[in-house]
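Structure first, then comments.
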Amino acid sequence: MHTPNQSPIYLIALGAFALGMASYVTAGLIPMIEASFAVSVAVAAQLVTAFTLAYGLGSPIFVALTPAHRQRAGLLLALGLFVIANAASALAESFTALMVWRAIAGIGAGVYLAMGIGASAAVSTPERRGKAIAIIMGGMASGVVLGVPLSLLIAEQLGWQAALWLVTLLGLVAFSGLLLKLPSLPAATATTLGQKLAILGDGHVLVILLVSLLAAIASLGMYTFIAPLLADPAYGAVRSVTPYLWVWGIGGVLGSFLIGPLVDRIKGPVLTFAIMLILAVSLFVLPLAAAISTWLVMLPIALWGAVGWALQVPQNNELILARQAQGDGNLAIALNESALYLGSAIGAAAGGFVLLLQLPTWTLAASAGGVAALGALLQIVNLRRQPTWNGDVQAEPYN
């Protein structure tokens, strides 16, 4: 059997690596940017907000507006916009200009990832689709875990602009490669904007998005507060949380890559249900393990990172299958990315409220575990729609 050319998938993953760096590196650059533009930390931190809001809210709109017969051009345009915006950010001479360009970079990043996942599925055979999506998500995870520390080291030596130039360079390499290697993509079904909005009436899609939202509230929300938990004398009194963040991130990279073969063999709803259960258990166990040993706690942290990142591979694959007849899988993926960013914001706000109430720090992990468990219960809705544990990759119709 003919094996399709995999090089476009790895080039898309390279772009996702740059995207992962761009999404998280700005937070580490805030002290340098604060000094460079003579603004407060609170103001400089809004660069992260500008990127994430534009990413989460803008990408579904622009994906929906992309012409059905211009999928390849839309992908390249989004990546080109991302590259230009990062270069312009590095060249910005005012904080206002930097803020605008970070927002534009966020839009380009969000559209690129949604369309990139769709493109990787389009150039893969059905039985390899899960692995292809896993490569893309693994690329993004690697950008966060490996790319961000590397770019921050470079920024410390050469200035904050150097980190953004590195993102620009990687994005440009991916763009050049895709321009040469990415084949024509099948046209999506031509629909009006009103018809595209009908996706919000698809009950199956809404359940998938809600599970992603709950997973993000639990996983990304708790990530925000891992330092207060481990700094508590009752849970290790850890002085530096950096090694634990590395363990979480490395677990995420491994989970993103290793989930691929499973997606191609196990029904998506079953895999998502199992992942949500494991996520809930790892978060519930987190304070218990921390109370016993600062080494033992690395196990639930690694497991939490692995399943937290791995989840989006079966979720995105299921969205593609659910909407392939309507031809708006890219829009579904963009909405899923929005759910993740919204969930992260809700999780951070909820954790802050828990601390404001001066509740014990273990309640942070317990609350996150409870949200993940709620997501697992909700996933039973999709399990009942696909009752078999194994099968082919063809999805049953949903109404």
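The values are calculated or read from the model by the stated rules, or taken from the named source; none is laboratory data. It should be emphasised that the depicted structure is a prediction, and the values quoted were computed from it without experimental measurement. Here the Cβ is made from the backbone with ideal geometry for all residues, glycine too, and neighbour counts use every protein chain on show. Please note that ligands, DNA and RNA were not included when accessible areas were found on the heavy atoms of the full protein model with its side chains. Shrake-Rupley method; radii C 1.70, N 1.55, O 1.52, S 1.80 Å.
Before we move on, is Ala134 part of a helix (DSSP H, G or I), in contact (Cβ under 8 Å) with a residue 12 or more places away in the chain, within 22 Å of Leu271 (Cβ to Cβ) and among the aliphatic types (A, V, I, L, M)?
Spelling it out, Ala134 is indeed part of a helix (DSSP H, G or I), in contact (Cβ under 8 Å) with a residue 12 or more places away in the chain, within 22 Å of Leu271 (Cβ to Cβ) and among the aliphatic types (A, V, I, L, M).
Can you go through Ala141, Ala109, Ala90, Ala103 and tell me which one is within 30 Å of Met32 (Cβ to Cβ), over 22 Å from the mean Cα position of the chain (by Cα) and not hydroxyl-bearing (Ser, Thr, Tyr)?
Values: Ala141 fails: over 22 Å from the mean Cα position of the chain (by Cα); Ala109 fails: over 22 Å from the mean Cα position of the chain (by Cα); Ala103 fails: over 22 Å from the mean Cα position of the chain (by Cα).
The unique qualifying residue is Ala90.
None of Leu311, Leu355, Leu359, Leu299 is buried (at least 24 other Cβ atoms within 10 Å of the Cβ) and either free of Cβ contacts under 8 Å to residues at least 24 places away in the same chain or not assigned by the TED database to the domain that holds Thr49 (or both) except Leu311.
Going by the structure shown, is Ala187 aliphatic (A, V, I, L, M), modelled with pLDDT under 85 and either touching a strand residue (DSSP E or B) at 6+ places or on another chain (Cβ under 6 Å) or not in a helix (DSSP H, G or I) (or both)?
yes
Scanning region 242-270 for residues that are open to solvent by less than 30 Å² (accessible area, probe 1.4 Å) and within 11 Å of Ile301 (Cβ to Cβ) turns up Tyr244, Trp248, Gly249, Gly251, Gly252.
The residue of region 70-109 that is least open to solvent (accessible area, probe 1.4 Å), among those that are among the basic types (Lys, Arg) and either in contact with a Cys (Cβ under 8 Å, 6 or more places away or on another chain) or farther than 17 Å from Tyr24 by Cβ (or both), is Arg72.
Scanning region 228-240 for residues that are under 15 Å from Pro300 (Cα atoms) and open to solvent by 10 Å² or more (accessible area, probe 1.4 Å) turns up Tyr235, Gly236. Within region 8-28, the only residue that satisfies the criterion of being over 30 Å from Leu180 (Cα atoms) and crowded, with 23+ Cβ neighbours inside 10 Å is Thr26.
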